[in-house]
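A short write-up of the structure that comes next.
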Amino acid sequence: MRTLDAAVFAPTIAAMNDSGSRRPWQKLVCWPIATPAAALLVALLVCALAAVGVSRLRPEPSLDGMFANDNPASHALLRVLHHFSAAEEMLLLVSQPAATSESSSPSPEPQRLLAFAERLESAVRASADVSAMCPAMSYRVDPETRRFFEKELVPAGLFYLSNDAVAAARERLTPQGMAQQIARNESLMAVPGPAAQVLAKISLQDPLRLHEFILDRLVGQKPFQTYQNSEAFLSADGRNLLIRLGGARPPSEIEFSKAFTAAITLLAAKVNTDNLDLQFAGAYPIATESERAIRRDMSASITGSVVFLQLLFLLMYRKPLRLFLLAFAPVAMGVLLAFGASSIFQSTLTPITGVIGAILAGLAIDYSVYLISDYEAHRKRGLTPQDAARETVLAVTPALFAAWFTSLIGFVAIGWSSVPAIRDFAWLGSMGLSGAFFCALMLLPATLALVDRRKTTETARRPQMRLRTLPLLMLIARYRWWLVATSVLVLLGSGLVLALSPEGPLPIEQDMTVLHPRPNPALEAQQQIGKRFGTSPDSLLLYLKADSPETLVTLAHAARQRLSNPQVRREGGISGSFGLADLLPDPQVVPKRLDALRSLDAAKVVSDFRAAINASAFDPEAYHGYAEFLQTLLTRQSPPTMTSLLDYPSLARNLLPANAIATHTPPTESIMLVFVKKSLDQQADRRAAIESVRGAVADLPGATLTGISVIAYDTEGIIHRDLPRLIGFAGLAVVLYLLIHFRRVGATCLAILPMAASLLVLLAVARLTDHRLNMVNLIAAPLLIGIDVDYGIFLVSLGVSCAGMTRRQLAERIDSGCYAVLVCAGSALLGFGSLYFTSVPAIQSLGFAVGVGIAASLGFTLLFRLPLLFAAASPEPDPPSRSLP
């Protein structure tokens with residue numbers, strides 16, 4: 001209930017009866033009653049314009065809006081998601097069916113998986129539409145990557161080596177070093193068994209074993225172990241294949257994401273003649289599922305809210321359908337106006353703003369409920385429809401303003417959040433609540449006067465349109481002290497639960513997937529990819545930015561060196577990394593390597609190699625190509641550069657921005673993939689990995705660790721920073737308003753008592769049910785401060801106006817007001833209760849938190865503050881004694 005009893009304003013109303021003495025706001029609220037048709041016509045025209053704006057709104061499936069503006073990791077991740085091709089992929093996990101007694105053998109069948117991939121690739125290329133949407137598809141090391149290593153990296157291998165590796169390589173290239181290595185090859189090949197065949201192949205390709213010095217570059221390409229070291233993306237057990245499909249447009253373009261996902265899904269099902277298990281993951285399926293969920297949640301929550309409110313009216317009123325339509329119409333108009341105004345500034349709806357219509361329906365219908373109740377009361381006293389409407393708005397406007405303003409404080413408070421989506425929610429909520437307030441105040445009384453055709457005598461004879469709460473109030477008055485004691489025990493129990501909680505009163509949700517809809521096959525497939533390929537799906541990203549392409553490569557080498565530190569890898573569980581430093585040499589080291597090459601006589605080295613081979617048991621003719629390779633290796637004067645890497649777009653797209661690849665312009669930003677051994681679901685593992693990497697690159701300007709896991713980790717600090725600020729603003733604003741409203745400190749304290757008690761109970765219930773704070777439900781506390789305080793305002797105002805009454809008189813006096821409390825609290829509970837129909841766990845938790853808070857506040861209002869009010873009332877007079885005749 002967010003209104004005061006009309007009798008509180010009786011002296012003010014009496015002074016308003018003379019229309020000449022009315023203030024400007026009084027004339028404004030009475031104007032529609034005098035000209036209802038004109039007011040309704042203006043409202044309909046404005047709503048029509050708002051509907052046009054609403055038609056522009058589209059769901060925003062990404063989590064961009066949930067990233068704090070002042071968090072460097074958030075900025076870095078948004079940059080990667082929107083500008084790097086690596087984020088524009090669909091992942092297809094192809095698996096052999098689980099083995100059963102009737103099904104195929106559990107032994108791996110990699111050829112079966114690869115055959116499917118070949119069929120899918122052929123189908124994609126055969127379709128002009130699908131191939132245009134999917135310019136890149138890979139399920140093995142692609143030819144461009146192989147060509148880069150063969151033509152760029154390996155021939156310039158000496159430029160990649162450290163100082164120690166260069167010294168060891170030079171030693172290997174001396175006549176003595178060559179002879180020793182070839183002799184070792186002869187000894188190893190003399191060992192009987194199948195290993196000799198492998199060694200013979202290696203010796204033929206690289207008799208001096210120079211590949212050992214750059215092997216770490218090659219290994220960096222493969223973050224997981226493949227089946228028999230295959231170049232295909234097969235899991236170690238050979239039963240899973242990962243296919244990567246690049247999209248032509250970013251996942252943020254939702255219509256493309258839907259079309260791309262549908263096309264690939266259809267083709268994959270068509271070519272799946274072996275009945276393999278297919279699971280789709282990556283940005284495109286996740287965006288598609290999120291968009292679908294936002295639309296579904298928006299429809300389900302609003303429908304659920306409307307249905308629940310209709311059921312509430314069926315339960316609480318004698319003519320529920322007519323009253324519900326009258327009450328809900330201004331709420332719907334107000335919400336429509338809010339969405340229309342929002343469409344002027346932005347055209348997207350996030351999961352949290354998509355469900356605000358249901359929330360506002362439950363909150364704002366209170367204004368209509370009280371207006372209708374007061375209008376019926378005036379009609380029952382014999383006033384005409386127009387007079388009853390006029391008296392209603394004059395009597396109720398101050399109370400409704402107080403109700404609207406305190407609730408508005410809650411929305412304004414959460415507008416201080418550093419999370420853009422929360423600020424959008426606050427803006428839309430403020431606009432919707434304000435729109436509903438003004439539509440109800442300006443249009444509902446005029447509509448009631450326009451459609452009410454009942455005669456005055458008829459309305460006076462008819463029974464009340466609602467049920468009576470007097471029996472409940474008398475029961476509360478009778479057991480007042482028992483109820484007070486029970487309420488105190490509940491408060492003490494709540495405090496005890498919080499004091500004994502090992503995680504503290506406000507544990508933070510570390511799983512960012514609670515912001516995605518559930519069930520979510522794409523997210524589940526992403527987890528399966530990590531499990532089946534023996535690597536964490538939560539790989540970290542190191543975003544690198546520098547002043548020039550050369551400085552960028554140097555920065556990448558510095559970061560790689562720090563992440564290669566054994567202590568960092570051990571403490572953080574880091575298994576490896578892959579970035580520019582694995583593909584390009586450090587520009588600062590190139591001059592030194594050129595000097596080292598100049599000190600070597602390439603012709604003499606080649607001559608010494610030929611002599612060593614001639615003196616061995618190997619066939620010299622078989623190593624003619626290797627001698628030419630040595631000549632190239634020792635005479636290479638220019639190593640690969642950023643421009644060289646851009647000549648291999650399928651490899652470059654893993655690390656460089658899409659625009660740089662499209663324009664062939666050397667960029668000044670890139671990413672480095674940091675692989676971890678364990679999943680980062682556990683808070684301790686996440687903290688160890690993130691803090692280790694951040695500590696290692698802390699002194700590198702331009703290096704920012706990011707990724708979904710990093711954002712989840714930083715969320716704890718953001719919540720701890722934002723929550724006190726939001727609660728402090730809402731609490732201070734409400735207290736200041738109440739001090740102005742009551743002009744007494746004692747009355748202000750009594751008014752906030754139910755609200756404070758409800759927050760304590762909410763924390764205790766959340767701990768008992770293991771609900772955790774996340775980026776969405778943290779707004780519950782500021783909202784509750786603005787909503788729950790109205791119950792306290794109501795009772796404190798009654799205490800002032802009902803002084804000196806007996807308990808029976810008090811119960812009869814507050815019967816109408818308490819009934820409105822129950823209806824309004826019920827509508828608010830149902831509005832937030834509709835959030836349980838949504839598919840996003842974080843939004844469901846918001847409905848839970850606000851629902852528990854409102855229920856607790858209502859409980860303490862009726863079962864603690866109201867018994868105290870009855871206790872302060874005068875006792876019933878003794879019945880008169882009968883005298884004997």
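Annotation: amide H of GLY576 within the under-5 Å range of PHE675, sequence separation 5 or more or interchain, hydrogens built in the peptide plane. Backbone phi angles across segment 646-659, fed through the Karplus curve with coefficients 6.51, -1.76 and 1.60 (θ = phi - 60°), yield HN-Hα couplings of 5, 6, 10, x, 5, 7, 5, 5, 6, 10, 10, x, 5, 5 Hz in residue order; Gly and Pro are listed as x. Using all pairs of distinct alpha-carbon atoms, the Kirkwood hydrodynamic radius of segment 641-695 works out to 13.3 angstrom. Between MET137 and GLY246, the built amide H atoms are under 5 Å apart, and every one of these is 5 or more places off in sequence or on another chain.
Say the cut-off is 31 Å between C-alpha atoms; which of LYS592/LYS677; LYS151/LYS678; LYS545/LYS678 go over it? Too far apart for the 31 Å limit: LYS592/LYS677; LYS151/LYS678. Taking the square roots of 5 times each eigenvalue of the Cα gyration tensor of segment 593-649, largest first, gives ellipsoid semi-axes of 29, 16, 6 Å. Its residues counted as N, segment 356-441 yields a C-alpha radius of gyration over 2.2 N^0.38 Å of 1.30. Measuring nothing but protein heavy atoms, the accessible surface of the chain at 1.4 Å probe radius is 62 percent carbon and sulfur. Here segment 654-813 yields Rg over Rh of 1.25, to two decimals, using C-alpha coordinates and the Kirkwood radius.
Calculated [222 nm] ellipticity per residue, helices only, for the chain: -20500 deg cm²/dmol; basis is -39500 (n - 2.57) per DSSP H run with n ≥ 4, divided by all residues, nearest 500.
Candidate cross-link partners of LYS531 among the aspartates and glutamates, defined by an alpha-carbon separation under 17 Å and a same-chain spacing of 8 or more, comprise ASP237, ASP277, ASP681, ASP685. Between the amide H of ASN774 and those of GLU509, distances stay under 5 Å, these residues lying 5 or more places away or on another chain, with hydrogens modeled in the peptide plane.
Protein-only accessible surface at a 1.4 angstrom probe places the residues HIS741, HIS557 in the order HIS741, HIS557, largest first. Here LEU321 and ARG725 are evaluated by their C-beta separation; at R0 = 51 Å the FRET efficiency comes out at 0.70.
The phi-based Karplus calculation (6.51 cos²θ - 1.76 cosθ + 1.60; θ = phi - 60°) puts the 3J(HN,Hα) values of segment 544-553 at 10, 9, 9, 7, 8, x, 5, 5, 5, 5 Hz, whole numbers, x for Gly and Pro.
Segment 280-299 and segment 741-772 have their alpha-carbon centroids 37 Å apart. Averaged per residue, the chain has 42 square angstrom of accessible surface, using a 1.4 angstrom probe with ligands and nucleic acids left out. Largest first, the extents of the alpha carbon coordinates of segment 539-579 on the three principal axes equal 33, 18, 12 Å.
Multiplying each eigenvalue of the alpha-carbon gyration tensor of segment 315-400 by 5 and taking the square root yields semi-axes of 31, 15, 10 Å, largest first, rounded to whole angstroms. Cross-link partners among aspartates and glutamates for LYS455, C-alpha distance below 15 Å, same-chain residues fewer than 8 apart left out? LYS455 reaches GLU376, ASP387.
Taken along the Cα-to-beta-carbon direction at a fixed 7 Å, the label points for THR663 and SER599 span 4.3 nm. Would you mind classifying segment 529-682 by shape? Square roots of the alpha carbon gyration tensor eigenvalues, ordered a ≥ b ≥ c; an a/c under 1.5 is rounded, otherwise it is prolate if a/b is larger than b/c and oblate if not. Because a/c hits 1.5 or more and a/b exceeds b/c, segment 529-682 counts as prolate.
Mean sequence separation of contacting Cα pairs (under 8 Å, at least six apart), scaled by the length of the chain, corresponds to a relative contact order of 23 percent. Taking TRP31, TRP404 and ordering them by how much accessible surface each has at a 1.4 Å probe, largest first, produces TRP31, TRP404.
Evaluating 6.51 cos²θ - 1.76 cosθ + 1.60 at θ = phi - 60° for every residue in segment 848-862, the Karplus couplings come out as 4, 5, 5, x, 4, x, 5, 4, 5, 5, 4, x, 6, 5, 7 Hz, glycine and proline recorded as x. Only Cα sites of the chain enter the Debye sum here, all with the same form factor; the resulting log10 I(q)/I(0) across q = 0.08 1/Å is -0.83, listed in q order.
The values are calculated or read from the model by the stated rules, or taken from the named source; none is laboratory data. All values reported here derive from a predicted model rather than from experimental measurement. Glycine also receives a Cβ, built like all others from the backbone with ideal geometry; neighbour counts cover every protein chain displayed. Each accessible area value is taken on the protein alone, full model and side chains, heavy atoms only, with ligands, DNA and RNA left out. Shrake-Rupley method; radii C 1.70, N 1.55, O 1.52, S 1.80 Å.
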